[in-house]
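The structure appears below as structure tokens.
Please treat every number below as a calculation from the coordinates, not as lab data. These numbers come from a predicted model, not from an experiment. Because the Cβ atoms are built from the backbone with ideal geometry, glycine has one as well, and the counts that use them run over all protein chains shown.
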Amino acid sequence: MILLKSPKDLIMLKRSGAILASVMQKLQVLLHPGMTTLELDLLSEELIRKEKVLPAFKGYNGFPGTACISVNEEIVHGIPGSRVISDGDIVSIDLGVNYEGFFSDMAVTLPVGKVGDDKLKLIAATKESLNLGIKQAQAGNHLTDISHSIQSFVEAQGFSVVRQFVGHGIGRALHEEPEIPNYGRPGFGPLLKNGMVLAIEPMVNLGGWECLVTGNGWTAVTKDGSVSAHFEHTVAITDNGPVVLTKL
Ligand code: MG
């Protein structure tokens with residue numbers, strides 16, 4: 001895991017996160033019913049290249065896309081392709097960039113057109129669980145204080161957190177130690193310190209927490225077919241508390 005050693009490192013990571021957030025902002029505007037997930041992916045690559053940074057996911061362990069685009073019952077790692085995004089869908093866009101060796105990672109879940117109340121409530125709860133997790137990213141806390149705050153909020157809303165996929169350290173590589181589960185008892189795991197950089201990413205299902213990986217070897221879907229939402233920010237722990245590097 002990266003431990004920011006100089007103010008310059010934080011400046012570079014902030015720049016990486018700001019570029020990523022600006023790309024995500026533009027994609028939110030471009031997303032519309034009738035487009036395929038591949039069309040959205042190609043737009044994301046174009047926007048990233050225009051910023052003169054590198055897409056961090058493309059080719060990562062063989063992943064073919066620039067973005068992971070996961071629709072409805074897809075939780076994470078949706079491979080962009082011919083799936084048409086329709087009115088009433090919820091779409092998770094997960095993107096990462098590499099700016100001169102400094103990595104950032106973020107995800108949002110967006111409603112498309114007129115979306116049912118249960119899906120909107122799921123999106124709002126997932127976003128709020130991320131905010132609560134980020135608040136726990138403080139020097140002196142333990143890693144699973146983040147996990148516990150996410151799980152307890154999500155379950156109080158009647159939803160469930162995915163176990164099989166977790167957040168992670170980030171900085172000089174896309175995925176670094178430690179793993180950050182979105183569930184568990186508080187007070188365990190590494191002690192958090194200033195200079196740590198974490199990608200916190202709750203994945204929340206409307207139904208049960210179990211998931212399956214589909215035949216393409218990547219795309220995770222809910223076992224019960226219920227819809228799922230995902231939000232992620234890259235966060236630095238600093239003397240002034242948590243700083244969200246990928247703020248929209
Ligand atoms: Mg991530």
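Rg and Dmax, both from the Cα atoms of the stretch 1-96 and both in Å, are 14.6, 47.
Taking the beta-carbon count within 10 Å as an exposure proxy, list L30, L192, L95 from fewest neighbours to most.
So the ranking, lowest neighbour count to highest, is L30, L192, L95.
Set the Cα radius of gyration of the stretch 99-151 against 2.2 N^0.38 Å, with N its number of residues, and you get 1.49.
From the P(r) of the stretch 90-248, could you give the percentage of C-alpha pairs in the tail past 24 Å? Distances greater than 24 Å cover 31 percent of the Cα pairs. The calculated pair-distance distribution of the stretch 63-163 uses every alpha carbon pair, bins of 10 angstrom beginning at 0, and gives 14, 37, 36, 13, 1 percent. Sorted fewest first by neighbouring Cβ atoms within 10 angstrom, F103, F188 come out as F188, F103. Taking label points 7 Å from Cα along the Cα-to-Cβ direction, S82 and E128 give a separation of 4.1 nm.
Couplings 3J(HN,Hα) of the stretch 159-167, computed from phi: 10, 10, 9, 5, 9, 6, 10, 9, x Hz, in residue order, whole Hz [Karplus 6.51 cos²θ - 1.76 cosθ + 1.60, θ = phi - 60°; x for Gly and Pro]. Placing +1 on the Cβ of every Lys and Arg and -1 on the Cβ of every Asp and Glu, with no other charges, gives the chain a dipole of roughly 640 debye about its Cα centre. Counting only residues at least eight positions apart within a chain, or on another chain, the lysines with an alpha carbon under 22 Å from that of K26 are K14, K50, K52, K58, K114, K127, K247.
For the pair E155 and K52, label points projected 7 Å from Cα toward Cβ lie 5.0 nm apart.
Kindly provide the Kirkwood hydrodynamic radius of the stretch 114-186 in Å, to one decimal, from all pairs of distinct alpha carbon atoms.
13.0 Å
Could you give the semi-axes, largest first, of the ellipsoid that matches the stretch 170-215, computed as the square roots of 5 times the alpha carbon gyration tensor eigenvalues and rounded to whole Å?
Working: eigenvalues 124, 52, 15 Å².
Square roots of five times the eigenvalues give 25, 16, 9 Å.
Every Cα-Cα pair in the stretch 142-227 was counted, and those over 22 Å apart are 32% of them.
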